[in-house]
Amino acid sequence: MLIVHVQIHVRPECVAAFIEATTENARASSQEPGIARFDFVEQADDPTRFVLVEVYRDADAPARHKETAHYQRWRDAVAPMMASPRTSVRFLNRFPADAGW
């Protein structure tokens, strides 16, 4: 399993549109065979900050995800909404080793 945390900071006036676009992308992404889990969370004390928690079944799944029409639509739609460039950190799953997702 490969887990990616994508940190996103959105311009305040774009929060509602960002949530709508990202919810649509998360819903479609969670149906991809290479994605075990796709969470979209909002920071509790700052409604302009979000994290995507993407859990991939294998190392090639992120590249396949970025080839999908829904990801490309999302990427293009939210680019002007960003207060700063999004960042990501990759993690390797250590426990449970057989999460069964």
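The values are calculated or read from the model by the stated rules, or taken from the named source; none is laboratory data. Note that the structure is predicted; figures quoted are calculated from it, not measured. Cβ sites come from the backbone with ideal geometry, for glycine too, and all protein chains shown count toward neighbours.
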* Which of the residues belonging to the stretch 36-81 are in a loop (DSSP other than H, G, I, E, B) and farther than 16 Å from A16 by Cα? -> D45, R57, D58, A59, D60, E67, T68
* Structure fact -> Here the residues within the stretch 7-16 that are assigned to a helix (DSSP H, G or I) and either over 18 Å from P85 (Cβ atoms) or among the charged types (D, E, K, R) (or both) are E13, A16
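Conditions (1) within 19 Å of D76 (Cα to Cα); (2) surrounded by 15 or more Cβ atoms within 10 Å (Cβ to Cβ); (3) in contact with a Ser or Thr (Cβ under 9 Å, 6 or more places away or on another chain); (4) among the hydroxyl-bearing types (S, T, Y), marked per residue:
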residue	(1), (2), (3), (4)
Q7	yes, yes, yes, no
C14	yes, yes, yes, no
A17	yes, yes, no, no
T22	yes, yes, no, yes
A28	yes, yes, yes, no
T48	yes, yes, no, yes
* Evaluate the following for V89: is it surrounded by fewer than 17 Cβ atoms within 10 Å (Cβ to Cβ) and in contact with an Asp or Glu (Cβ under 7 Å, 6 or more places away or on another chain)? => no
* Asked: So which pairs qualify, if the first residue must be in the stretch 34-49 and within 20 Å of P85 (Cα to Cα) and of a type in the set (V, I, T), the second must be modelled with pLDDT of 95 or more and surrounded by fewer than 12 Cβ atoms within 10 Å (Cβ to Cβ), the Cβ gap must be under 7 Å, and the two must be at least 6 apart or on different chains?
  -> T48/P12
